[in-house]
Amino acid sequence: MDARHIIARRCALELRDGEVVNLGIGIPTLAGNYLPPGLSVILHTENGAFGYGPKPSTLGADSDMSNASGEPITMPPGAAIMDLATSLGAARNGYISTTVLGGLEVDQEGTLANWASRRNGRWWPGIGGAMDLCYGVPRVIAALQHIDKHGHSKVRKRTELPPTGRRCVKVIVTDKAVFDVTPGGLVLREAYPGLAVEDIRAITEADFTVADNFGPMPV
Amino acid sequence: MSINKVMSLDDAMARVTPGTRLMMGEFVGHGEPAACIEWLIAHNVGDLTLITNTPGLRGASPMVGLFGAGLVRELIGTHGGTSAEASDAYLSGKMKIAQFFPMGTWAEKVRAGGVGLGGVLVPVGVGILDAEGLFPDLGTPKRTIELNGQSYFVEEALRAEVSIIKGWRADRLGNIEFRYTSTQNQRDLAMAGRYTIAEVNEIVEVGDIPPERVGCPGPFVNAVVQGYSLAEQHARGRELMIKLGRLPPLSDEEDS
């Protein structure tokens, strides 16, 4: 299983039965494929729906049903449509309890950066709905690979990228570890099976302590 | 009794000329007024200021053609990178994006423009989006005010000379019905345009759209134009999703 799917599957285990959840673009969207049996969540998408369903068949696809990534979705019984201002208002005002967001970097204060990197002297690509979610959703789960393609830790002491939200992340899920973000700093809760605390320290720039119940990531 | 807003694409789109400040419905390639966009590209109407949520969907949604053809001088929205065509225009300096707005902020700015407000007070992004040097093309710095102990951006209303929205069905009065997530903020965009064109899949008789299903009332619409039929729109959408690998090719599906 590749890193993206490891992260997505582990994120799905963080969701709580009955809650309203927004899954961001990329890895978080994949988490929708790994919901544990029996877990029932109401999925929110920024473009304006609660309770949307999985990807349709090709012939069953309806071009007026899409998620925030522009991917085809379905509208099972119980789904509800709303307009855009209402949908983002729901995010700002706390009607969504958990969001899983991808990230370029996250730091030990729980600050998430996921909307801008430097290209040709400009910040790119843009914000979309992520900043509204970071502002108003009580439980932000950052889903990202532990190290970037140059081998640098994406779990930083302090991110220097423009933030999406400051001190908003509560849980960090990577392909190597799960951290809780607490007022006292990062707490390592799980490591990928076979990895020891020292292995995580070696690939993590951020400072962290180790949870009393530290154990292997369920895979 | 003789209100009839149905008109030809040519007659309606004549309102859009080089340099027009234009609003358009859209969300990552969905709910786009495809026929109107194709008209703009065919007539090479450029120098546009385009107020739209995101710049289309990479690959082939109609809107990306506006960026590919270099018709957009400035984009006012939430994102610059949902299509390669828009990214290239922005990163090469050919298209201006003075700042990115959080989507909720952008939606409220449009809504404010539609309902006669001067603007809105938005707490999202304070202390982030006003960082010095973040948006070098921004003329004046973002304004904040304090209210009841919280800081808010003062976000001005957005309005346009012409708005183009995309609906499902319309009658000759300009009443528009939307389908599912293509509802977006099409009604707010309609209200914020001085002249509003609604492209629809189907034009129906007055009374066919039940009053409670009218998503955008006729008084907010000046012109109704016939776009692609719903069947054509679905077929085009399917083709695009297959091309992007988001849906399996039909032959695969039939085999499985």
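No value in this document is a laboratory result; all are computed from the given coordinates. None of these values were measured; they are calculated from a predicted model. Please note: Cβ atoms are built from the backbone with ideal geometry, for glycine as well, and neighbour counts cover all protein chains shown.
Each of B:93, B:8, B:209 was placed along the dipole of chain B (beta-carbon charges, centred on the mean Cα), and the one lying farthest toward the positive end is B:93.
If R₀ is 35 angstrom, what is the calculated FRET efficiency for the pair residue A:210 and residue B:132, using the beta carbon separation as r and rounding to 0.05? Efficiency for this residue pair is about 0.35. Among A:41, A:145, B:40, which residue has its Cα positioned farthest towards the positive end of the charge dipole of the protein assembly as shown, with +1 placed on the Cβ of Lys and Arg, -1 on the Cβ of Asp and Glu, and the dipole taken about the Cα centre? After comparing all options, I get A:145. Which of the three applies to segment A:99-156, rounded, prolate or oblate, going by the alpha-carbon gyration tensor with a ≥ b ≥ c and a/c under 1.5 meaning rounded? Taking the square roots of the gyration eigenvalues as a ≥ b ≥ c, segment A:99-156 is oblate. Within the listed set B:89, B:98, B:190, the Gaussian network model of chain B (springs between alpha-carbon atoms below 10 Å) gives the highest mean-square fluctuation for B:98. About its Cα centre, what dipole magnitude does segment B:107-197 give when the only charges are +1 on Lys and Arg Cβ and -1 on Asp and Glu Cβ, stated in debye to the nearest 20? With only Lys, Arg, Asp and Glu charged at Cβ, the dipole is about 520 debye. Projecting label points 7 angstrom from Cα along Cα→Cβ for residue B:7 and residue A:74 puts them 4.3 nm apart. For segment B:41-145, the set of trypsin sites (Lys or Arg not before Pro) satisfying both a DSSP loop assignment and a count of at most 13 other C-beta atoms within 10 Å is given as B:94, B:143. Taking the charge dipole of chain A about its Cα centre, with +1 at Lys and Arg Cβ atoms and -1 at Asp and Glu Cβ atoms, the residue from A:63, A:159, A:181 reaching farthest to the positive side is A:159.
Simple point charges give the picture: +1 on the Cβ of Lys and Arg, -1 on the Cβ of Asp and Glu, and for the protein assembly as shown a dipole about the Cα centre of about 840 debye. A straight Cα-to-Cα reach below 17 Å connects residue B:243 with the lysines A:55, residues fewer than 8 places away in its own chain not being considered. Each Lys and Arg contributes +1 and each Asp and Glu -1, all at the Cβ; summed about the Cα centre of chain B, the dipole is approximately 540 debye. Within the listed set B:106, B:168, B:39, the residue fluctuating most in the Gaussian network model of chain B (springs between alpha-carbon atoms under 10 angstrom) is B:39. Among rounded, prolate and oblate, which fits segment A:88-190 when a ≥ b ≥ c are the square roots of the eigenvalues of its C-alpha gyration tensor, a/c under 1.5 means rounded, and a/b larger than b/c means prolate? In terms of gyration-tensor shape, oblate. The lysines whose alpha-carbon is closer than 25 Å to the alpha-carbon of residue B:142, local same-chain residues fewer than 8 away aside, are B:94, B:96, B:109. Largest mean-square fluctuation among B:11, B:188, B:47, in a Gaussian network model of chain B whose springs join Cα atoms under 10 Å apart, belongs to B:11.
How big is the Rg/Rh ratio for segment B:28-105, C-alpha atoms only, Rh by Kirkwood, two decimals?
On the way: Rg = 11.3 Å, Rh = 12.2 Å.
Here Rg/Rh amounts to 0.93.
Modelling each spin label as a point 7 Å along the Cα-to-Cβ direction, I'd like the residue B:143/residue B:205 distance in nm, to one decimal. Each label point is offset 7 Å from its Cα along the Cβ direction, giving 5.3 nm. When the alpha carbon gyration tensor of the protein assembly as shown is reduced to an equivalent ellipsoid, the three semi-axes, largest first, read 39, 25, 20 Å.
Report, as an integer, the average count of C-beta atoms from other chains found within 10 Å of each Cβ along A:49-60. Before the final figure, lay out each step's value.
Details: counts 3, 0, 0, 2, 0, 0, 4, 2, 5, 12, 6, 3.
For this peptide, the per-residue mean of nearby foreign Cβ atoms is 3.
Taking all Cα pairs closer than 8 Å and separated by 6 or more residues, the relative contact order of chain B comes to 20 percent.
So, in Å, what gap is there between the alpha-carbon centers of segment A:44-85 and segment B:76-111? Going from one Cα centre to the other spans 23 Å. Note on B:150-157: average number of Cβ atoms from other chains within 10 Å of each residue's Cβ is 0. Solvent-free Debye calculation, one equal scatterer per alpha-carbon of segment B:181-256: log10 I(q)/I(0) at 0.11, 0.18, 0.22 Å⁻¹ equals -0.44, -0.85, -1.06.
The mean number of Cβ atoms from other chains found within 10 Å of a Cβ in peptide A:164-173 is 1, as a whole number.
Report the antiparallel proportion of the DSSP beta bridges in segment B:1-95 as a percent, rounded to a multiple of 5.
Given both bridge residues lie in segment B:1-95, the antiparallel proportion sits at roughly 10 percent.
How many nm is it between the label spots at residue B:212 and residue A:158, if each spot is 7 Å from the Cα in line with the beta carbon? The two pseudo-label positions are separated by 5.7 nm.
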